[in-house]
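Data block below; observations after.
Please treat every number below as a calculation from the coordinates, not as lab data. All values derive from a computational prediction rather than experimental measurement. Cβ atoms come from the backbone with ideal geometry, glycine included; neighbour counts cover every protein chain shown.
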Amino acid sequence: MDDSWPIIGRTLEARRDLLGMLQRQERRFGPVYQQRVPSMRLVTALSADANELVLRNKDDVLSSRLGWTRFIDHVFPGAIMGMDGDQHRRQRRIMQAAFRTAALKDYVARMSPLLVARVATWRGRQRSAYALLKRLTLDVATDVFVRPGQAARAGHGPLNRAFVDAVEASIAILRYDVWPLPYARGVRGAAYLQRHFRALLPDKRREPGDDLFSQLALARDEDGEAFTDEEVVHHLAFLMMAAHDTSTSTLTTLVYLLGKHPEHQARLRAEALALGDAPPEFAALEGMTTLERAISEALRLYPPLPLMPRVVVKPFALHGYRFDPGTLVAVSPLFTHYDERLWLNPYRFDPDRFAPARAEHQRHRYQWVPFGGGPHRCIGSRFAMLEIKAILHQLLRRFRWSLPARYEMPYQLMPIAKPRDGLPIEFTAV
């Protein structure tokens with residue numbers, strides 16, 4: 001039993017050093033420990049076996065909806081990660097049409113000209129890599145998901161502010177709708193997103209295109225059932241957030257790691273240059289296995305979601321402990337990604353640990369879980385990998401970058417991993 005003060009004690013410690021806190025707790029209490037939380041029993045489970053049991057959720061013994069509701073319902077209502085059981089399975093079956101191979105090929109073809117044009121302008125003075133990448137990924141999400149050809153207007157202004165505020169509100173400690181508290185800003189940002197997408201929906205119903213918004217508006221399950229207007233708007237807002245915030249997080253950490261390890265940057269650049277001048281198409285992006293290993297390693301070191309919550313709805317056991325309904329259970333990708341029992345030199349940036357000859361990530365099916373796992377595994381993970389590869393490919397072909405000696409990126413891990421200083425980088429033409 002962790003006898004720290006409810007909420008405040010571990011929250012402040014977690015914000016300073018979440019990984020260190022989890023490792024200290026695991027050494028003190030073992031892989032499962034309880035702490036005090038008002039009105040609820042909170043159990044943290046720290047092992048790959050725990051990841052598997054909780055994320056696979058056999059027999060629907062755990063609720064993702066109840067786990068996430070306190071964090072996202074006020075800003076991203078109707079998000080698919082906040083659904084359970086038959087409702088989740090139905091919604092996911094309908095949504096799957098938007099992420100099939102044919103749709104992904106269209107998305108890649110649409111994003112390529114945008115990436116070429118935008119990345120070409122980045123050379124010169126030192127700027128925030130996070131800000132550049134966030135604007136670019138939001139532009140890609142807008143062009144691919146919402147309004148083809150309108151991306152130039154999407155990377156700034158109220159849309160971007162609304163997403164930022166909504167995400168920050170998900171972990172606000174003071175949950176009062178009083179301006180200018182972060183929670184209040186997030187609630188207003190979420191309302192703006194709902195109004196913005198709802199206003200566009202009639203045109204998508206009437207004259208659909210190839211974008212994700214249209215795909216959601218047209219999607220049907222095997223029984224011909226479609227999404228309601230409210231479901232389309234809720235899914236789009238959440239997918240837009242996930243598509244650009246988590247991709248920005250991964251891209252930023254990889255830019256940092258490649259700046260810190262110039263030998264890996266040079267290796268990836270040589271492979272990018274060998275592919276020729278034309279933007280790579282879908283098949284070429286899927287075949288970039290060396291780059292994919294570097295992305296996978298960045299996701300291991302800096303998983304966008306370090307903790308994943310669930311609430312027990314049927315009694316079940318884990319590591320010899322029995323959990324009763326109402327218990328909040330949190331598993332941690334961050335902890336297992338640094339577990340020395342699973343990884344060789346886990347603090348080292350080593351993309352080749354994902355190569356077939358080593359395959360460290362296959363020692364346990366649930367030791368590497370940046371996209372979650374089981375029925376709630378990220379539905380857009382394949383698109384995210386394609387987008388990240390396409391952007392990194394353009395960066396590597398055009399620029400080289402480095403970091404000052406002894407620079408260590410100050411990082412916040414929650415709600416989504418990102419650098420506190422924006423990661424100042426100067427891109428120099430190759």
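Can you pull the semi-axes for the chain, root of five times each eigenvalue of the Cα gyration tensor, sorted largest first, whole Å? Could the numbers behind the result be given before it?
On the way: eigenvalues 204, 157, 91 Å².
Calculated on Cα positions only, the semi-axes equal 32, 28, 21 Å.
Per residue, the chain reaches -16000 deg cm²/dmol at 222 nm when only DSSP H runs of four or more residues are counted, each adding -39500 (n - 2.57). Residue exposure proxy: S64, S402, ordered by other Cβ atoms within 10 angstrom of their Cβ from fewest to most, comes out as S402, S64.
Here the chain is assigned +1 on the Cβ of each Lys and Arg and -1 on the Cβ of each Asp and Glu. Its dipole about the Cα centre then comes out at about 820 debye. Across every direction, the projection of the convex hull enclosing the Cα atoms of the stretch 301-378 has a mean area of 6.1 nm². Decide, for the stretch 202-269, between rounded, prolate and oblate: order the square roots of the alpha carbon gyration tensor eigenvalues as a ≥ b ≥ c, take rounded if a/c falls under 1.5, and otherwise choose prolate if a/b is larger than b/c, else oblate. Since a/c reaches 1.5 and a/b is larger than b/c, the shape of the stretch 202-269 is classed as prolate.
Using DSSP loop states and a limit of at most 12 other Cβ atoms within 10 Å to flag chymotrypsin sites (Phe, Trp or Tyr not before Pro), what is the longest stretch of the chain containing no flagged site?
1-175
May I ask you to list the GluC sites (Glu not before Pro) in the stretch 225-295 that are in a DSSP loop and have at most 14 other Cβ atoms within 10 Å of their Cβ? Working shown, then result.
On the way: sites: E225, E230, E231, E263, E271, E281, E286, E292; in loops: E225, E281.
Answer by residue number: E225, E281.
With a simple spin-label model that places each label point 7 Å from the Cα along the Cα-to-Cβ direction, the separation between E408 and A97 comes to 5.1 nm. From the alpha carbon centroid of the stretch 367-430 to that of the stretch 70-134 is 14 Å. Taking other C-beta atoms within 10 Å as the exposure proxy, K134, K204 rank K204, K134 from fewest upward. Among the GluC sites (Glu not before Pro) in the stretch 355-410, those placed in a DSSP loop whose Cβ has at most 14 other Cβ atoms within 10 Å are E408. Using only side-chain charges placed at the Cβ, +1 for Lys and Arg and -1 for Asp and Glu, the dipole size of the stretch 283-351 relative to its Cα centre rounds to 280 debye.
When restricted to Cα atoms, the stretch 186-340 yields an Rg and a Dmax of 21.3, 59 Å, respectively. Rounded to the nearest 20, the size of the Cβ-charge dipole of the stretch 179-235 about its Cα centre is 580 debye, with Lys and Arg at +1 and Asp and Glu at -1. Residues V233, V167, V61, V430, ranked from the fewest to the most other C-beta atoms within 10 Å, line up as V430, V61, V167, V233.
When the trypsin sites (Lys or Arg not before Pro) in the stretch 350-420 are filtered for DSSP coil states and for at most 15 other beta-carbon atoms within 10 Å of their beta-carbon, the remaining sites are R358, R363, R365, R377, R406, R420.
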